[in-house]
1. Output the residues belonging to segment 190-225 that are in a loop (DSSP other than H, G, I, E, B) and touching a Ser or Thr at 6+ places or on another chain (Cβ under 6 Å).
2. If you scan segment 40-63, which residues turn out to be farther than 17 Å from residue 5 by Cβ, outside any strand (DSSP E or B) and not hydrophobic (A, V, I, L, M, F, W, C)?
3. Within segment 72-81, identify whether any single residue is assigned to a loop (DSSP other than H, G, I, E, B), of a type in the set (S, T, N, Q) and touching a residue at least 12 places away in the same chain (Cβ under 8 Å), and answer yes or no.
4. So which residues in segment 82-107 are of a type in the set (A, V, I, L, M) and assigned to a loop (DSSP other than H, G, I, E, B)?
5. Consider segment 131-165. How many of its residues are closer than 15 Å to residue 263 by Cβ, of a type in the set (Val, Ile, Thr) and under 12 Å from the mean Cα position of the chain (by Cα)?
6. Of a type in the set (Phe, Trp, Tyr), in contact with a helix residue (DSSP H, G or I) (Cβ under 7 Å, 6 or more places away or on another chain) and surrounded by 23 or more Cβ atoms within 10 Å (Cβ to Cβ): which single residue out of 129, 110 fits that description?
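What follows is calculated from the coordinates using simple rules that are stated; it is not laboratory data. Here the structure is a predicted model, which means the values were calculated and not measured. Methodologically, a virtual Cβ is constructed for each residue, glycine included, from the backbone with ideal geometry; neighbour enumeration extends over all protein chains shown.
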Amino acid sequence: MIKVGIIGATGYAGGELVRLLAGHREAEIVWYGSKSYIDKKYADVYRNMFELVEDSCLDDNIEELAKRADVIFTATPQGFCASVMSQEILSQAKIIDLSADYRIKDVSVYENWYGIVHKSPQFIKEAVYGLCEVNRDAVRGARLVANPGCYTTCSILTAYPLAKEGMIDMNTLIIDAKSGTSGAGRGAKIPNLFCEVNENIKAYGVASHRHTPEIEEQLAYASGEDTVISFTPHLVPMNRGILVTEYASLKKAVTYEEVKAVYDHYYKEETFVRVLEKDVCPETKWVEGSNYVDISFKIDPRTNRVIMMGAIDNLIKGAAGQAVQNMNILFGLKESEGLKLVPVFP
């Protein structure tokens, strides 16, 4: 059994990690880390775990945890993982970090967008960006995996095939994204109160959202071109889910069949990417509670643009599910282990 430790086990992403790993046949959680609930029974924090998890929460002592676990998930705010990382820890356990600390290769870009000083930039080069469908070969040999962000996972996978094949002008890419409130985390914030969110939709982080450079960097790797995007996220009154609608100019006229063949080339063998049938648009309700990404597209010959659409569950494929998928790759398991989740409806 793979011995697993989770730091941040009582946040939304951490709670999903616990839920997913409870059904994993090859993994055992040995550490439920939560600075806010030390010594409190985990099932008293999340009552859905009553009689399923008997353990109490421990602290965030990653040095001690590294001696007990084979892999550590850090579902923590930006800056934590970077502040505690060391060669000793990496020599004892594999790390899958769900924060942005090691996603961006240029430390100055990270510090500019996140407004904090990176405490361990020496590990950035080594870290592997854990977008499984793109980087699984690199993930296999990694010690440190940077689990992608939720908006970025959906945005990158939706555009990746066309970017990789050079079919779209990368500097015309506009991403309109919408997310449920769980994407903001479990902390109490006035903008996320029921009365603030219900019966409302709003843009936020306009021209300044922290996932922008992550999307640009990864799509630049795919396309081989410098990439500058317009990315606007919106908050919608639902618990979970992300829907992205992306617009880009085509470099040449193409048919539906040509574009569909490109998506099928990249994703036909991918367990968790579903390219929808013609004229079927992704909806968050059809991926909720699952590790799937639903993708579709529409060609607009009038404007010479392609409209790409994608939907994920932000807490699963956008966080915990992808992290478990990365763990499966790291340990040579079938990628779908613990993730065979049929989307829930209604």
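1. 206, 211
2. The answer is 40, 44, 46, 47, 48, 51.
3. Yes, that holds for at least one residue.
4. 85, 93, 98, 100, 104
5. 1
6. Only one candidate qualifies: 129.
Let's see how each residue does on (1) assigned to a strand (DSSP E or B); (2) of a type in the set (A, V, I, L, M, F, W, C); (3) touching a strand residue (DSSP E or B) at 6+ places or on another chain (Cβ under 8 Å):
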residue	(1), (2), (3)
247	yes, no, yes
253	no, yes, no
260	no, no, yes
265	no, no, no
278	no, no, no
282	no, no, yes
299	yes, yes, yes
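One line per residue, one yes/no per condition, for (1) in contact with a Gly (Cβ under 9 Å, 6 or more places away or on another chain); (2) outside any helix (DSSP H, G or I); (3) buried (at least 24 other Cβ atoms within 10 Å of the Cβ); (4) acidic (Asp, Glu):
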{"site": "119", "(1), (2), (3), (4)": "yes, yes, no, no"}
{"site": "139", "(1), (2), (3), (4)": "yes, no, no, no"}
{"site": "142", "(1), (2), (3), (4)": "yes, yes, no, no"}
{"site": "152", "(1), (2), (3), (4)": "yes, no, yes, no"}
{"site": "155", "(1), (2), (3), (4)": "yes, no, yes, no"}
{"site": "171", "(1), (2), (3), (4)": "no, no, no, no"}
{"site": "175", "(1), (2), (3), (4)": "no, yes, yes, no"}
